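Asks: Here you go, one structure.
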Amino acid sequence: MTKSIETKLVQLGNLSDPKTGAVNPPIYMSTAYKHAGIGQSTGYDYTRTKNPTREILENGIADLENGDAGFACSSGMAAIQLVLSLFKPGDEIILPDDVYGGTYRLLKTFSESYNIKPVYFSQVEEIDGLINDNTKAIILETPTNPLMIEFDLDQFNEICKKHNLLYIVDNTFYTPYFQRPIEHGADIVLHSATKYIAGHNDVLAGLVIAKGQELCEKLAFNHNGMGLVLSPMDSWLVIRGLKTMHVRLKQHDANAKKVAAYLESEPLVTDVLYTGKGGMLSFKVKSPEMVNPFLQRMQLITFAESLGGVESFITYPATQTHADIPYEERVARGVDDCLLRFSVGVEEAEDIIADLKQVFDQLRNEF
């Protein structure tokens, strides 16, 4: 029976315990599993290698992204580190200028410590000139964080196939509900599952999904060997989040469209960066001096460093997510001191807009 993604999400892990008939999957907290004798394993030996609760999540996300295997990690950054473990000294990886600050920081560390070099581009047309014998992969966020730049997945698939490069896509902002990069040729997809996938600001998790036996085996070996695994309890929380993801994302999407339309009409806002899909957008106010009073006077929206939960969050990249990027470089990349990143929640859209209005009305009298 062919199932829609909505049905797959709701049914994830259901009735996985035939002994009891439990609808909700059990949480297997055991770290060790009995062997009846030498070479007689149940398939579970040690929880770092394989855990029944984590396995439900990993198989589920692989199915949702149309991959061959999934790997649940202890954070989104652990997921990126697992992907980076595939590379060796001297390798180069091409990425867009607009990249999450934590990814930038980790790649800087890998460059300095392991000579795995990130190479950044601002225009797609530059890429062919950046590729050399050391180039091994392209990593994309699409949309990017925080400038909301979308890339053509099929175009990058052609580039990667032409040059025999590993094709890696961070799908955190869109999730498999809105976008499935493996269907467009990606070899690896990764998520900060802390965000929309878990969806409730209560669990730290990352996910990696891969296509192809050899690649999946390498990732499985490193996932186990490096111990980058997600705990059973957190795996269960992510499963719980996935069950309602489609319902939440429909509301995030509807609300963000209304909020973006309001911000476009606000004179104190100079730019609204929104793809027209999903719950994430960014906007710029007229001056950096407005930012702190703006953040202090919000009553419903929370000033916090995250995204993708049911609550509306606004983040200030200059001092939060992108603080580790040197000022001149950060501004050159487009992340200036007027930029705010907005994770539009699932509250009533009119209430979110009313909160923004009351702040802008106050600022109008001061600036």
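The values are calculated or read from the model by the stated rules, or taken from the named source; none is laboratory data. Treat the numbers as computed from the prediction; the structure is a model and nothing was measured. Note that each Cβ is placed from the backbone with ideal geometry, even for glycine, and that neighbours are counted across all protein chains shown. Protein only, heavy atoms only, side chains kept; ligands, DNA and RNA dropped before computing areas. Shrake-Rupley method; radii C 1.70, N 1.55, O 1.52, S 1.80 Å.
Asks: For residue 49, are the conditions met, namely being over 30 Å from residue 316 (Cβ atoms), out of contact with any strand residue (DSSP E or B) (no Cβ under 8 Å at 6 or more places or on another chain) and part of a helix (DSSP H, G or I)?
Replies: no
Asks: Just give me the residues in the stretch 204-225 being hydrophobic (A, V, I, L, M, F, W, C) and open to solvent by 10 Å² or more (accessible area, probe 1.4 Å), in sequence order.
Replies: Within the stretch 204-225, 204, 215, 216, 220, 221 qualify.
Asks: Might you let me know whether the stretch 43-51 holds any residue that is small (Gly, Ala, Ser) and surrounded by 13 or more Cβ atoms within 10 Å (Cβ to Cβ)?
Replies: No.
Asks: Please state which one of 131, 138, 197 is surrounded by fewer than 21 Cβ atoms within 10 Å (Cβ to Cβ) and among the β-branched types (Val, Ile, Thr).
Replies: 131
Asks: OK, next. State whether the residues of the stretch 56-68 include one that is among the hydrophobic types (A, V, I, L, M, F, W, C) and under 13 Å from residue 229 (Cβ atoms).
Replies: There is at least one residue in the stretch 56-68 that is among the hydrophobic types (A, V, I, L, M, F, W, C) and under 13 Å from residue 229 (Cβ atoms).
Asks: Next question, about the same structure. Any residue in the stretch 2-22 that is among the hydrophobic types (A, V, I, L, M, F, W, C), under 24 Å from residue 241 (Cα atoms) and exposed (fewer than 12 other Cβ atoms within 10 Å of the Cβ)?
Replies: No.
Asks: Among (1) open to solvent by 10 Å² or more (accessible area, probe 1.4 Å); (2) under 20 Å from residue 102 (Cβ atoms); (3) of a type in the set (Val, Ile, Thr), there is one condition residue 182 misses while meeting the rest; what is its number?
Replies: Checking residue 182 against (1) open to solvent by 10 Å² or more (accessible area, probe 1.4 Å); (2) under 20 Å from residue 102 (Cβ atoms); (3) of a type in the set (Val, Ile, Thr), the one that fails is (2).
Asks: Output the residue which, of all residues in the stretch 238-256 that are within 11 Å of residue 200 (Cβ to Cβ) and basic (Lys, Arg), is most open to solvent (accessible area, probe 1.4 Å).
Replies: Checked the stretch 238-256; the qualifying residue most open to solvent (accessible area, probe 1.4 Å) is 240.
Asks: Continuing with this model, one more query. Just the residues that are of a type in the set (Phe, Trp, Tyr) and not in a helix (DSSP H, G or I), please, taken from the stretch 151-165.
Replies: 151
Asks: I've got another one for you. Out of the residues in the stretch 286-316 meeting the condition of being of a type in the set (Val, Ile, Thr) and without any contact (Cβ under 8 Å) to a residue 60 or more places away in the chain, tell me which one is most open to solvent (accessible area, probe 1.4 Å).
Replies: For the stretch 286-316, the residue satisfying everything is 302.
Asks: Considering only residues of the stretch 317-356 that are surrounded by fewer than 20 Cβ atoms within 10 Å (Cβ to Cβ) and touching a Phe, Trp or Tyr at 6+ places or on another chain (Cβ under 8 Å), which is nearest to residue 278 (Cα to Cα)?
Replies: 353
Asks: Checking residue 72 against (1) part of a strand (DSSP E or B); (2) among the small types (Gly, Ala, Ser); (3) without any contact (Cβ under 8 Å) to a residue 24 or more places away in the chain, which test does it fail?
Replies: (3)
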